[in-house]
């Protein structure tokens with residue numbers, strides 16, 4: 001019998017709410033749901049909200065009765081906020097979070113590199129936003145509670161899984177006993193130690209680095225701005241690294257590498273924590289500054305992924321699918337991209353708008369993304385925590401040279417998480433004009449935002465299904481394009497046509513004036529006519545200088561996984 005903790009978790013800045021467990025009725029028959037999501041962390045909750053946006057109901061099972069312990073993920077990227085805007089929580093994030101765009105690297109007391117993330121007037125969100133994960137989860141839980149297509153069951157732990165070719169059967173343990181739940185699809189978002197992964201006998205592939213790190217959240221009044229601080233080879237922690245981030249509510253994240261041979265248990269002893277945090281504060285000129293500890297944990301850098309995110313009726317996302325180093329803020333931010341992608345792929349399959357084969361594309365795209373991130377993150381990880389004597393010699397040479405030689409300083413760049421571009425996706429239009437463009441988002445790229453007014457941006461108007469952006473020279477949509485749109489709508493496929501360039505266009509669902517040509521330029525048209533087709537996750541799957549109804553028809557066939 002599963003008895004989750006009912007005592008609110010301790011925190012000096014966040015008030016934990018203990019939810020009531022969902023309990024089965026005695027003698028009830030097995031229940032059924034089209035989709036069951038296991039895990040109410042960021043990946044699971046965003047997946048549920050994405051499915052609901054596409055009209056698909058789900059049950060979310062969470063073994064605990066409250067949101068996660070500790071701040072965990074604290075840095076969220078611009079693309080993550082664009083995804084969170086789609087599910088309705090971006091405003092709460094930005095109201096409480098701390099935006100930033102600069103990162104500083106120090107060696108022997110001297111700043112040797114300053115990272116500047118790009119930001120311009122067309123971006124609604126800053127490149128990065130700092131806010132503790134508990135708040136994100138609370139915002140997502142509230143959004144799920146307000147969505148009638150989502151049922152969140154607290155205190156339900158999955159203890160068994162059986163599946164055949166058409167359904168899965170879960171055994172769920174609760175404070176009053178077990179019950180069975182039957183589902184067409186199961187989404188595993190149950191974290192890095194994924195019980196579902198274990199029940200299926202699956203293994204992650206990749207590398208685990210030997211270095212261990214402590215993350216500690218402290219409340220302290222420091223006069224530093226919201227910028228990433230990285231200290232290499234500090235006097236109190238020779239050969240290792242220390243990172244610092246400002247968080248809301250007067251909190252600071254201190255992240256430092258453990259000396260070789262020290263165990264996690266030793267590192268988390270109160271005396272060890274106080275000694276290392278005091279040494280960090282002294283290093284930045286704030287010795288004897290009073291501070292209060294909220295939470296501390298130990299982690300290791302790992303670059304691991306499942307080779308396939310679909311196993312029968314089970315689909316994996318987030319940490320259940322892959323484990324990525326936190327350097328470059330990749331964990332939760334990658335999970336949002338998984339959830340957004342899975343939401344529309346699975347949603348279209350459940351509603352009968354696409355064949356099950358479309359789910360193979362979800363796996364192919366997101367496994368490729370994870371492997372690209374692993375390759376990129378590995379570079380940062382090897383710099384932060386050299387795995388061999390050779391790597392350490394190279395890293396130390398860069399550190400030493402950086403004091404006087406500017407050309408080596410960009411090697412400090414932490415390669416911040418960025419959205420994957422599905423350049424080779426099977427869903428990209430097979431015969432469009434992508435190769436004729438020399439600017440704008442190409443095949444598989446995420447969209448580019450454009451400011452339309454003081455609080456009005458292009459992406460505010462997109463993302464409910466497929467979006468066709470047409471750049472027209474006359475105020476009328478061609479008849480053959482309208483016929484193609486009509487035929488797909490009759491099949492139930494959500495396709496919306498937005499005309500760019502005029503306030504009124506016959507046949508368009510929506511019109512956006514572009515008198516200065518800013519949207520046209522940003523999307524690579526520079527005054528030319530044509531069209532761009534965005535998938536439901538807003539990634540480009542086709543663009544044309546000579547759009548026709550037949551070419552749009554072929555693009556939608558490919559984008560729904562029907563081309564093969």
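Only the coordinates and a few stated rules stand behind these numbers; no lab work does. Since the structure is predicted, the reported quantities are computational estimates derived from the model, not experimental observations. Don't worry about glycine lacking a Cβ; one is built from the backbone with ideal geometry, like all the others, and counts go over all protein chains shown.
Okay, here's what the table says:
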read-out	value
Förster-model FRET efficiency, 51 Å R0, residue 200 and residue 474, C-beta, rounded to 0.05	0.35
On Cα atoms only, tilt of 389-402 relative to the major axis of the chain in degrees	90
Mean Cβ neighbour count within 10 Å, used as a protection proxy, ranking 301-313, 510-522 highest first	301-313, 510-522
Cα centroid separation, region 48-87 to region 242-291 (Å)	30
Packing-based order for 235-245, 339-349, 23-33, using average beta carbon neighbours within 10 Å, highest first	339-349, 235-245, 23-33
Helix axis angle, 358-384 relative to the chain longest principal axis, alpha carbon, degrees	30
Extension reserve of the residue 180-residue 221 stretch, reckoned as 0.36 nm per residue once the Cα distance is removed	9.7 nm
Cα centroid separation - region 198-225 against region 501-522, whole Å	46
Shape parameters for the chain, alpha-carbon atoms, Rg then Dmax in Å	24.7, 75
Nitroxide proxy distance, nm - points 7 Å out along Cα→Cβ at residue 166 and residue 351	2.4
Considering only the chain, percent of DSSP beta bridges that pair antiparallel, nearest 5	70
Isotropically averaged projected area of region 434-559, using the convex hull of Cα atoms (one quarter of hull area), nm²	7.0
Ascending count of other beta-carbon atoms within 10 Å, so fewest first, for 299, 256	299, 256
Paramagnetic reach from residue 117 (point 7 Å along Cα→Cβ, amide N under 20 Å) across region 66-90	71-90
Helix axis angle, 42-53 relative to the chain longest principal axis, alpha carbon, degrees	20
